[in-house]
Amino acid sequence: MKISLALLFAGVLATLASVASSAERKPNVLVLLADDLGWGELTCQGFTRDIPTPHIDSIAKNGIRFTNGYVSGPYCSPTRAGFMTGRYQQRFGHEFNPGPAEAAVKNFGLSLQETTIADRLKTVGYATGWFGKSHLGYEPQFHPLKRGFDEFFGFLGGAHSYLDAASDKSNPIQRGTTPVNSLDYTTDAFGREAIAFIERHRDRPWFCYLPFNAVHAPLQSTEKYLSRFASIKDTKRRTFAAMLSAMDDNIGAVLAKLRELQLEEDTLIFFFSDNGGPTPSITSSNGPLRGFKSQTWEGGIRVPFMVQWKGHLPAGREDARPVIQLDILPTALAAAGVAAKPEWKLDGVNLLPFLRGENPAAPHAALYWRFGDQIAIRLGDWKLVKAVGGGANAGGPTSKSNTTGAQLYNLKTDRGEANNLADKEPERFRQLAAAWDKWNSELIDPTWTPNRAGGGAKGGKKKNAAND
């Protein structure tokens with residue numbers, strides 16, 4: 001009898017220890033990043049219906065979809081630098097893309113003075129893995145394995161063939177730092193690598209960063225995915241559909257692995273795109289929004305953006321408050337029990353109190369953009385903007401950024417930015433212009449500028465649009 005009671009008591013203690021251990025476990029963090037996916041794509045966005053995206057849509061169904069989700073740059077590399085640091089990338093000179101590896105200036109890369117989200121999570125015991133595109137530096141000191149990540153499988157440039165691992169000798173697909181000679185399809189490969197990472201680290205907290213190169217050019221897919229869209233006659237749109245469907249499948253496979261391992265309630269998931277869609281080149285739609293990738297119109301900076309954390313955040317909710325990818329770092333840290341320090345000078349905010357209903361206010365008083373001589377500020381429902389076709393050139397640093405010639409829109413009533421109210425609302429114009437000028441005064445000049453034909457500023461060579 002004594003032995004039975006002892007065994008029973010031991011069993012109770014083991015159960016209590018297991019419950020306590022589960023309760024104390026820091027949540028995993030999964031960041032899913034699409035490349036060049038416009039605001040109007042995804043069936044959950046409600047504008048296009050020709051490409052089913054059930055797995056990405058499930059994140060919105062099981063979490064929160066932001067209808068005013070933004071990124072801090074209308075281009076690939078700047079947005080990624082902002083995400084990695086939780087800071088406006090213009091604060092440390094990362095305002096532009098560099099061009100292809102063979103043309104980029106040597107100092108192109110995420111500033112070594114900045115601390116990444118992976119650096120911060122590693123300090124509290126997280127395993128860290130990166131599977132996909134980088135676009136944050138070609139030189140060894142900028143490699144993901146030097147920026148807080150334990151594992152890397154992907155490429156360092158802005159674009160890559162989906163089918164040929166060895167197509168770009170200056171920008172190879174790598175496992176760690178070793179070039180990979182062959183692969184089937186990058187979207188499938190990146191998904192598999194992420195799943196394997198999650199499987200390996202199932203018993204400890206992990207941070208998995210999965211930045212697909214889909215749906216960025218070149219438009220390439222496999223018959224497995226192309227065959228799903230035989231009804232789409234336009235070849236470009238059909239291939240784009242196949243690429244988006246492949247990404248959705250692989251996100252679905254990652255989510256299925258979380259369910260299999262019973263990690264759904266232990267995993268904070270973010271999904272967003274790095275900028276708006278470059279519609280003319282790949283058909284990626286921005287829905288009713290004006291403009292495209294590389295522009296500070298809404299079509300360049302407002303993106304699909306959602307978050308899921310089952311059992312911890314509401315499900316099936318839409319949130320119209322403006323948020324930005326800079327918020328992911330402080331939100332993930334807060335979930336992991338790490339309080340952001342003032343000396344980190346983060347621009348992002350912890351979204352958890354806002355998403356749990358503890359704070360009904362807007363997370364940000366204002367959001368800001370500077371991209372060469374294109375600018376923008378959103379303050380409440382109002383937006384001051386100078387963009388291509390509206391007083392600015394296409395991302396070029398032809399003059400000092402300023403608000404002269406900017407236009408004013410009320411996004412609540414005019415999300416397509418069709419009715420310029422600058423003349424009718426002069427006081428509102430001055431208010432937003434003054435706020436933008438104050439923010440701009442805190443920034444430094446770009447560390448490098450866009451490469452252009454015939455040379456290029458600060459040592460760049462001819463620009464290659466395929467690497468934007």
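Since every read-out is calculated from the coordinates, none of them should be taken as a lab result. Quantities reported herein were computed from a predicted structural model and do not represent experimental measurements. Note: ideal-geometry Cβ built from the backbone for every residue, glycine included; neighbour counts use all protein chains shown.
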Requested in this report: May I ask for the net charge around Gly380, where only other residues with Cβ less than 13 Å from the Cβ of Gly380 are counted and Lys, Arg are +1 while Asp, Glu are -1?
Outcome: +3
Query raised in the report: Tally Lys/Arg at +1 and Asp/Glu at -1 over every other residue whose Cβ is under 10 Å from the Cβ of Arg204; what's the total?
Result: +3
Query raised in the report: Once phi is turned into ³J(HN,Hα) by the Karplus curve 6.51 cos²θ - 1.76 cosθ + 1.60 with θ = phi - 60°, what whole-Hz value does each residue of the range 132-139 show in order, with x for glycine and proline?
Result: x, 6, 9, 6, 10, x, 9, 6
Report summary line: Once Ala166 and Ala196 are pulled to full extension, the length gained, defined as 0.36 nm per residue separation minus their Cα-Cα distance, is 8.5 nm
Requested in this report: With r as the distance between the Cβ atoms of Glu265 and Arg317 and R0 = 22 Å, compute the FRET efficiency 1/(1 + (r/R0)^6) and round to 0.05.
Outcome: 0.80
Query - Dipole magnitude of the range 269-359, debye to nearest 20 (Cβ charges: Lys/Arg +1, Asp/Glu -1, about Cα centre) - result: 80 debye
Report summary line: the range 357-397 scanned against label point 7 Å out from Ala434 along Cα→C-beta; backbone N under 19 Å for 365-368, 376-385
Query raised in the report: Ala253 to Asn419: extension gain in nm, 0.36 nm per residue of separation minus the Cα-Cα distance?
Result: 55.4 nm
Requested in this report: Rounded to whole Hz and in sequence order, give me ³J(HN,Hα) for the range 46-60 from the Karplus expression 6.51 cos²θ - 1.76 cosθ + 1.60, θ = phi - 60°, writing x for Gly and Pro.
Outcome: x, 10, 10, 10, 7, 10, x, 10, x, 6, 5, 4, 5, 5, 5
Query raised in the report: How would you rank Tyr162, Tyr409, going from fewest to most other Cβ atoms within 10 Å of each one's own Cβ?
Result: Tyr162, Tyr409
Report task. Please give the residues of the range 22-63, grouped as numeric ranges, whose backbone N is less than 20 Å from a label point set 7 Å along the Cα-to-Cβ vector of Ala230. Result -> 50-52
Query raised in the report: Out of residues 5 or more away from Gly132 or on other chains, whose amide H comes under 5 Å of its own, with H placed 1.01 Å from N in the peptide plane?
Result: Phe153, Gly154, Phe155
Query - Kirkwood-Stokes translational diffusion coefficient of the range 78-182, alpha-carbon pairs, 20 °C, 1.002 mPa s, µm²/s - result: 152 µm²/s
Query - Ala392 long-range amide H proximity, modeled H, under 5 Å - result: Ala387
Query raised in the report: Magnitude of the Cβ-charge dipole of the chain, K/R +1 and D/E -1, about the Cα centre, nearest 20 debye?
Result: 320 debye
**Report entry** Length-normalised contact order for the range 27-82 - Cα pairs under 8 Å, 6+ apart - percent
**Finding:** 20 percent
Query raised in the report: With the dipole of the chain worked out from charges on the C-beta (+1 for Lys and Arg, -1 for Asp and Glu) around the Cα centre, which of Phe149, Val215, Pro74 lies farthest toward the positive end?
Result: Pro74
Requested in this report: Run through all the Cα pairs of the chain and give the fraction in each 10 Å bin from 0, expressed as whole percent.
Outcome: 4, 21, 32, 26, 11, 3, 2, 1, 0, 0
Report summary line: Whole-Hz Karplus couplings 3J(HN,Hα) for the range 239-255, θ = phi - 60° and coefficients 6.51, -1.76, 1.60, Gly and Pro as x, run 5, 4, 4, 5, 5, 5, 5, 5, 5, 4, 4, 6, 5, x, 5, 5, 5
Query - Inter-part distance where the range 183-218 and the range 132-164 are each reduced to a Cα centre, Å - result: 13 Å
Report summary line: When the charge dipole of the range 26-355 is computed with +1 at the Cβ of Lys and Arg and -1 at the Cβ of Asp and Glu, the Cα pointing farthest to the positive end, of Ala166, Ala253, Thr123, is that of Thr123
Query raised in the report: Over the range 196-301, what per residue volume does the convex hull of the Cα atoms give, in whole Å³?
Result: 135 Å³
Query raised in the report: Over the Cα atoms of the range 242-297, what Rg and Dmax result, in angstrom?
Result: 15.5, 42
Report summary line: Sorted on mean Cβ neighbours within 10 Å (highest first), peptides 359-368, 280-289, 260-269, 83-92 come out as 83-92, 280-289, 260-269, 359-368
Query raised in the report: Once the piece of chain linking Trp344 and Ser182 is laid out straight, how much longer is it, given 0.36 nm per residue of separation minus the C-alpha distance between them?
Result: 54.2 nm
